[in-house]
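*Asks:* Please find one structure pasted underneath; my questions will follow.
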Amino acid sequence: MNVRRSLPWIQSIGLHLVLLALLFLAVPWSTLLVGSHRRQKTPEVHARVVSDRAVERAWRAYQARKAAAARARAAKLAALAAAVRKAAAERKAEAAKLAALRRAAAKAKAAQARALAARKQAELARAQALAAARAAAARRAREEALARAAAARARAAKLAALAAARARAEAQARTEARALAAQAAAEAAARGRVLNAWVAAIRRRVEDAWIRPERNPTSLRCTVYVTLAPGGAVLSARLGTCNGDAAARESILAAVYRASPLPMPRDPADFVSHLRFLFEPGA
């Protein structure tokens, strides 16, 4: 780039030197030598008679030499002018080429700057998009964490409420179970008292209907199983453990059938079809 910048100066200096040479060649040598001739001592002139024809030939020869020298100078000037024009054309072409190079370099630099700006803009857009995506992801994560925490608190509260309700229900169930157990025990006790009173009435009825055999053991003790109809009629009877003989056994079974129908409880709900009682007369 330094050589190209100094080339126009070199060409300008060369052009001035050429113009000075042309001017130097255009000046007649006789005028340059006038001063020196004047300073020199005038030589002696030896006159010689020359004919007119010889003078004319000499004059023509001089004019021919002068015309040839003028033509040579004109040709040289034309060559120099052509060289100058060529140098000017080359300088103009070089300047145009340099300007084209500069324009191309400026255009390439501008394109490179635009491309760099576009890359930076794209990178900035990508960075902004990435930052926005990360911020959105973080926001979603926070929202999801808050939602999970709220759901966990709701589940914990629901579980606590369920546990409290279950505890209350269990406590109520235990209370009700105790009440039912107490009620069942009371009902069982009452039913037992009713059943005992009913069985005692049946036993007295059977003992009243019993006909003692001739050989009666002193302490007769027998377990009697009876099956009753709803009206108290004896459907079947049998003896369990008994310390009496066959005659005593038969007399007890005969007394059961003879006492039929047996007494019934006051409340029909207390009726039981299968009964057991201890036959122990005189006890």
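The values are calculated or read from the model by the stated rules, or taken from the named source; none is laboratory data. In this text, all values refer to a predicted model and were calculated from it rather than measured experimentally. Cβ atoms come from the backbone with ideal geometry, glycine included; neighbour counts cover every protein chain shown.
*Asks:* If you go through segment 232-243 one residue at a time, do you hit one that is surrounded by 12 or more Cβ atoms within 10 Å (Cβ to Cβ), over 19 Å from ILE211 (Cα atoms) and in contact with a Leu (Cβ under 7 Å, 6 or more places away or on another chain)?
*Replies:* For segment 232-243, residues surrounded by 12 or more Cβ atoms within 10 Å (Cβ to Cβ), over 19 Å from ILE211 (Cα atoms) and in contact with a Leu (Cβ under 7 Å, 6 or more places away or on another chain): present.
*Asks:* ARG191: without any contact (Cβ under 8 Å) to a residue 24 or more places away in the chain and surrounded by 10 or more Cβ atoms within 10 Å (Cβ to Cβ), yes or no?
*Replies:* No, not satisfied.
*Asks:* Output the strands (runs of 3 or more DSSP E) that fall wholly within segment 211-283 and possess 2 or more residues being of a type in the set (Val, Ile, Thr), in contact (Cβ under 8 Å) with a residue 24 or more places away in the chain and under 18 Å from ALA197 (Cβ atoms), or say none. Working first, answer last.
*Replies:* Working: elements: 222-228, 234-242, 274-279.
Result: 222-228.
*Asks:* Go over the candidates ALA151, ALA110 one by one and state the one that is within 29 Å of the chain's Cα centre (by Cα), surrounded by 10 or more Cβ atoms within 10 Å (Cβ to Cβ) and of a type in the set (A, V, I, L, M, F, W, C).
*Replies:* Just one listed residue meets the conditions, ALA151.
*Asks:* May I pose another question? Give me the residue from segment 201-231 that is more than 25 Å from ARG266 (Cα to Cα) and among the charged types (D, E, K, R) and, out of that set, surrounded by the fewest Cβ atoms within 10 Å (Cβ to Cβ).
*Replies:* The extreme case among them is GLU214.
*Asks:* Looking for something farther than 30 Å from LYS97 by Cα, aromatic (Phe, Trp, Tyr) and modelled with pLDDT of 90 or more - is there at least one such residue anywhere in segment 22-29?
*Replies:* no
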